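The values are calculated or read from the model by the stated rules, or taken from the named source; none is laboratory data. This structure is a prediction, so every number in the text was calculated from the model and none was measured. So basically every Cβ, Gly included, is an ideal-geometry build from the backbone, and we count neighbours across all protein chains shown. To get the accessible areas, we keep the full protein, side chains included, count just its heavy atoms, and leave off ligands, DNA and RNA. Shrake-Rupley method; radii C 1.70, N 1.55, O 1.52, S 1.80 Å.
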Amino acid sequence: MGGSGIAGHVLQAAAGPECPVPVERVRGWTLPAWVGEDDLVIAVSSSGRTAETLACTRAALERRARTVVVAAEGSPLVELAVIVQVAGSLGVL
């Protein structure tokens with residue numbers, strides 16, 4: 001969502017159509033139904049407060065997808081990642 005959404009476009013373009021795994025951009029409230037523990041979710045929000053990004057990140061963590069967070073230090077998105085990391089259920093950067 002917003003300006004941070006460009007990161008998904010760049011990654012998808014860099015991966016190209018020959019990429020052996022799907023690279024999907026999500027610009028809404030829900031992840032694709034197939035996302036699970038074998039997948040990597042990269043959540044990007046400059047402010048770390050974008051509601052849609054927070055919702056998708058929570059869903060990714062609940063599904064035990066490997067999750068990377070890129071956001072402002074101290075933001076709700078980073079705090080969510082830190083809580084999960086401290087709890088030891090997933091390694092989140």
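Quick notes on this one:
- Net lengthening on full extension, ALA7/ARG49 (0.36 nm per residue, minus Cα-Cα): 13.5 nm
- Compared with the alpha-carbon gap, the fully stretched path from VAL68 to ILE42 is longer by 8.9 nm at 0.36 nm per residue.
- Accessible area (Å², 1.4 Å probe, nearest 10) - ILE42: 80 Å²
- For GLU73, GLU52, GLU18, the ranking by accessible surface with the largest value first comes to GLU73, GLU18, GLU52, using a 1.4 Å probe.
- With every protein chain in place, the chain: carbon and sulfur % of accessible area (1.4 Å): 58 percent
- Heavy-atom accessible surface of VAL82, to the nearest 10 Å², is about 60 Å², with a 1.4 Å probe and all protein chains retained.
- Using a Gaussian network model of the chain in which every pair of alpha carbons under 10 angstrom is joined by a spring, one finds that among LEU40, LEU11, LEU61 the greatest mean-square fluctuation is at LEU11.
- Per residue, the accessible area of the chain comes to 62 Å² when a 1.4 Å probe rolls over the protein heavy atoms.
- Principal semi-axes of the equivalent ellipsoid, √(5λ) from the alpha carbon gyration tensor of the chain, are 20, 16, 11 Å from largest down.
- Positive-end ranking of SER47, VAL69, GLY36 along the dipole of the chain, with charges on Cβ about the Cα centre, is headed by SER47.
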